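Reviewing the structure listed below.
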Amino acid sequence: DGQPGSRGLGGPAGQAGAMGALGKPLRVAVYMGRFTDATRNGRLLTESLIRSSAAVVSYFYDFTNQELGHAMKSSVIVVPEIMNGMPPIFPDAARSLNQYIEKGNKVVFAGAKNAAAFINL
C-alpha cells in the first residue's frame with residue numbers, strides 16, 4: 001500500500017461503493033506535500049474519502065506540471081488544509097489546473113478557520 005510519502009504509489013482502496021462517471025471507480029488525487037499536515041489532517045481526510053465513497057486514492061507532492069500530470073489522471077484533486085506556508089504554483093502548472101477544471105473535473109480545498117471546518121465544491 002502506498003502511504004503519504006510514498007511517491008508514485010497508489011494509496012489504499014475502499015470497499016466497492018460509489019462509482020464515478022461511466023460506472024468507473026472514483027479516482028482521487030490527494031496533495032501530501034510539505035505544506036500540509038500529511039500525518040494528521042491529510043491522513044484523516046484520505047481515510048474519510050476511502051470510507052465514505054470507496055475512492056481509489058493516489059498522492060501528489062508538488063504543484064508542478066509533472067506532479068499535476070499524474071494527479072490529473074484522477075477525476076478529483078483534493079488539497080487538505082494548507083498549514084506550513086504556501087506551496088509555489090508555477091504559471092504553466094496553474095494553466096494546466098485551469099484546463100483540468102474547465103474540462104469538468106473537480107479541485108477540492110479542505111481546511112479550517114477559527115475551528116470551523118470548510119470544504120469547497
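Points worth noting:
- Gyration tensor (alpha-carbon) shape descriptor, segment 23-113, a/c threshold 1.5: oblate
- Val108 paired with Ala94, simple spin-label distance in nm, labels 7 Å along Cα-to-beta-carbon: 2.6 nm
- Candidate aspartates and glutamates - alpha carbon under 18 Å from Lys73, same-chain residues fewer than 8 apart omitted: Asp62, Asp92, Glu102
- From most to least packed by mean Cβ count within 10 Å, the peptides 78-89, 99-110, 45-56 give 45-56, 78-89, 99-110.
- Amide H contacts for Glu81 (H built 1.01 Å from N in the peptide plane; partners 5 or more residues away or on another chain; cut-off under 5 Å): Ala110.
All of the numbers you see were taken from the coordinates with simple rules; none came from a lab. Values in this document were obtained by computation on a predicted structure and should not be read as measured data. All Cβ positions, glycine included, derive from the backbone under ideal geometry; neighbour counts span all protein chains shown.
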